[in-house]
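The values are calculated or read from the model by the stated rules, or taken from the named source; none is laboratory data. As the structure is a prediction and not an experimental result, all values here were calculated from the model. Positions of Cβ are generated from backbone atoms using ideal geometry, with glycine treated the same way; all protein chains shown enter the neighbour counts.
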Amino acid sequence: MKVNVIGGEIPQEEIDAYIDYGRKKYKDKEIAAMTVTLDGEYVDLRYDFADIPFDRIRRITGYLVGTLDRFNNGKRAEEHDRVKHSV
């Protein structure tokens, strides 16, 4: 994880505490970078999250699918023969 400190210097133990805080607060996200901005006694924390991969879901022949790998030959042929409209 990349950590950027702006406006001064802080000890590594404090940085580690902010990292642990972010991991506990955002359990469902992966933190890619953190920016710590110091302003006197105040600290502003900004967490940048990693991109979340996703699968494209389409409605094909009445089914919501991401890929055609589970279709049998008949459904694959039906998908192949359907009219595809351009946008």
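Residues checked against (1) of a type in the set (Val, Ile, Thr); (2) part of a helix (DSSP H, G or I); (3) modelled with pLDDT of 90 or more:
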residue	(1), (2), (3)
Ile10	yes, no, yes
Asp16	no, yes, yes
Lys29	no, no, yes
Met34	no, no, yes
Arg46	no, no, yes
Thr67	yes, no, no
His80	no, yes, no
His85	no, no, no
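For the range 33-40, the count of residues that are aliphatic (A, V, I, L, M), more than 30 Å from Glu78 (Cβ to Cβ) and free of Cβ contacts under 8 Å to residues at least 12 places away in the same chain is zero. When restricted to residues that are loosely packed, with under 11 Cβ neighbours inside 10 Å and part of a loop (DSSP other than H, G, I, E, B), the range 48-65 contains 8. Do we have Ile60 as under 30 Å from Val83 (Cβ atoms) and over 15 Å from the mean Cα position of the chain (by Cα) here? Yes; evaluated as a whole, the condition is true for this residue. For Ala32, the stated conditions hold: it is under 20 Å from the mean Cα position of the chain (by Cα), surrounded by 10 or more Cβ atoms within 10 Å (Cβ to Cβ) and hydrophobic (A, V, I, L, M, F, W, C). Note on the range 66-84: residues that are exposed (fewer than 10 other Cβ atoms within 10 Å of the Cβ) and either among the aliphatic types (A, V, I, L, M) or closer than 26 Å to Met1 by Cβ (or both) total 1.
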